[in-house]
Amino acid sequence: MGDPMHYSEINIAPVERLRVVFMHNMREYLRGVSGKEFLSVGFGWGNDLRVAKALGFRVHGIDTDKNSVRALSKEFDVKLTNGIKIPYKSGFFDVVFCDNALEHMKEPSKNIAEMARVLKKGGKLVIVTPDPSQATSHFSNFWADQTHVRPYHRIAVENLLKTHGFRIMRSKVVVAYVPIAQRILTTLGLYGLYFAVCNLCNVFGIGIKEVYVIGVKE
């Protein structure tokens, strides 16, 4: 889980630009999702923790990267674990958010079962993962990351959640990033224009796509 780059190796300038884009995307992923207690599974650099906090959640996180945990422990309640055993009581969370972590999991069924355990009845599990059906150079590099275990088609994510007692609330493939436009327009601070470009690209399916599926614990 989490980004293989250590927290200490982050180049802060581009990360700040990406954070704005990430916040925009995450607001879409959490549309219609509410509650108090929020868990990020594989929080990496902590962007989702900061966005969730800004949205009014009480945030918690788990990750396998000790550098990320150490760096963010003064700001958030974060714990070091592989997610097979999540160190929170059953039925504690309203929302579990798993962004670009599923594809890193060696025993995904056990991870999903544990996420289900810590969710309240009616709680939401949000899974975000790269869309394997896209024919982009970005996705062709999927296997260049040695921590990736396997990609997940949208239907595969749905079936995984259904197996563990979730009802599917939403299931979509969206254009999350348009690399050239992002690099140019966010560098210039033209975020509004960049998001308008993303919306247009979403209509035509052009750009880097992500699957996102929201399951409701029955």
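Key figures for this structure:
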| read-out | value |
| --- | --- |
| Qualifying residues in the stretch 118-141 (those that are at pLDDT 90 or above and of a type in the set (Gly, Ala, Ser)) - the one nearest to LYS209 (Cα to Cα) | GLY123 |
| Of all residues in the stretch 68-116 being charged (D, E, K, R) and surrounded by 18 or more Cβ atoms within 10 Å (Cβ to Cβ), the one that is farthest from TYR152 (Cα to Cα) | ASP94 |
| Selection status of GLY83, in contact with a helix residue (DSSP H, G or I) (Cβ under 8 Å, 6 or more places away or on another chain) and at pLDDT 95 or above | no |
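Conditions tested, residue by residue: (1) of a type in the set (D, E, K, R); (2) more than 26 Å from VAL20 (Cα to Cα); (3) surrounded by 13 or more Cβ atoms within 10 Å (Cβ to Cβ); (4) touching a Cys at 6+ places or on another chain (Cβ under 8 Å).
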{"site": "HIS153", "(1), (2), (3), (4)": "no, yes, yes, no"}
{"site": "LEU160", "(1), (2), (3), (4)": "no, yes, yes, no"}
{"site": "ALA181", "(1), (2), (3), (4)": "no, no, yes, yes"}
{"site": "TYR212", "(1), (2), (3), (4)": "no, no, yes, no"}
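Results for (1) under 19 Å from TYR29 (Cβ atoms); (2) over 17 Å from the mean Cα position of the chain (by Cα); (3) touching a residue at least 40 places away in the same chain (Cβ under 8 Å); (4) part of a helix (DSSP H, G or I), shown as yes or no for each residue.
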{"site": "PHE97", "(1), (2), (3), (4)": "yes, no, yes, no"}
{"site": "ASN111", "(1), (2), (3), (4)": "yes, no, yes, yes"}
{"site": "GLU158", "(1), (2), (3), (4)": "yes, no, yes, yes"}
{"site": "ARG167", "(1), (2), (3), (4)": "yes, yes, yes, no"}
{"site": "ALA181", "(1), (2), (3), (4)": "no, yes, no, yes"}
{"site": "LEU185", "(1), (2), (3), (4)": "no, yes, no, yes"}
{"site": "LEU193", "(1), (2), (3), (4)": "no, yes, no, yes"}
{"site": "CYS201", "(1), (2), (3), (4)": "yes, yes, no, yes"}
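The values are calculated or read from the model by the stated rules, or taken from the named source; none is laboratory data. In this text the structure is predicted, and so the values were computed from the model without any measurement. Every residue, glycine among them, receives a Cβ derived from its backbone with ideal geometry; neighbour counts consider all protein chains shown.
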